[in-house]
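Student: The structure follows.
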Amino acid sequence: LCYISGYKNRFQNFIKHLREMGDEVIVVTNHEGVPQEFHGAKVIGSWSFPCPLYGKVPLSLALSPRIISEVAKFKPDIIHASSPGIMVFGALAIAKLLSVPLVMSYHTHVP
């Protein structure tokens, strides 16, 4: 939620609208030190490292025991992961581990 981009704006609006419709949402993001809440959605920051080609873009697997535990406690009906980024692999692993359907979306082409 810290990096400014159309990608970020799209997801902030998505979260806001889901919450306005009454959906429960948690967000796992590839930033540490983020606010704990965004429009009523719990936000979980993950350790990350700079993308080699785009230093301002953090990358993260988001696959720590803390994140797995938080997602398991939340008991999601569905997990949404977006690409580009390696975080989709963490989402895939958590979805398989918890037997939760996973949808993925692709929003930016990074060569």
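Values quoted throughout were computed directly from the atomic coordinates according to the rules given, and no laboratory measurement underlies them. All of these numbers come straight from a predicted model, not from anything done at the bench. Virtual Cβ from ideal backbone geometry, glycine too; neighbours counted across all protein chains shown.
Student: Of the cross-linked pairs Lys42/Lys75; Lys8/Lys56; Lys16/Lys42; Lys8/Lys75; Lys8/Lys96; Lys8/Lys42, which ones have a Cα-Cα span greater than 22 Å in the structure shown?
Tutor: From the list (Lys42/Lys75; Lys8/Lys56; Lys16/Lys42; Lys8/Lys75; Lys8/Lys96; Lys8/Lys42), the Cα-Cα distance tops 22 Å for Lys8/Lys75; Lys8/Lys96.
Student: Using modelled amide H (1.01 Å from N, peptide plane; none on Pro or chain starts), what sits under 5 Å from the amide H of Val28, excluding residues fewer than 5 places away?
Tutor: Those lying under 5 Å, H to H, from Val28 are Ile44.
Student: Something else now. What is the gain in length, in nm to one decimal, between Ser64 and Glu24 on full extension, counting 0.36 nm per residue of separation less the C-alpha to C-alpha distance?
Tutor: Contour length minus Cα-Cα distance gives 12.2 nm.
Student: Taking amide H positions as placed in the peptide plane 1.01 Å from N, state which residues far from Phe38 in sequence (5 or more) or on other chains have amide H under 5 Å from it.
Tutor: Sorted by chain and number, the residues that satisfy this are Val43.
Student: Here's another thing I want to ask about it. What distance in nm lies between label points placed 7 Å from Cα along the C-beta direction at Ala93 and Phe49?
Tutor: 1.4
Student: Please report, in cubic angstrom per residue, the volume enclosed by the convex hull of the alpha-carbon atoms of the stretch 6-106.
Tutor: In the stretch 6-106, the Cα convex hull volume per residue is 101 Å³.
Student: Could you work out how far apart the two model spin labels at Met104 and Lys42 are, taking each label as a point 7 Å from the Cα in the direction of the beta carbon, and quote it in nm?
Tutor: For Met104 paired with Lys42, the spin-label model returns 2.6 nm.
Student: Would you grab the residues whose amide H sits under 5 Å from the one on Leu63? Only those 5+ places off in sequence or on another chain, please, with H modelled 1.01 Å from N.
Tutor: none
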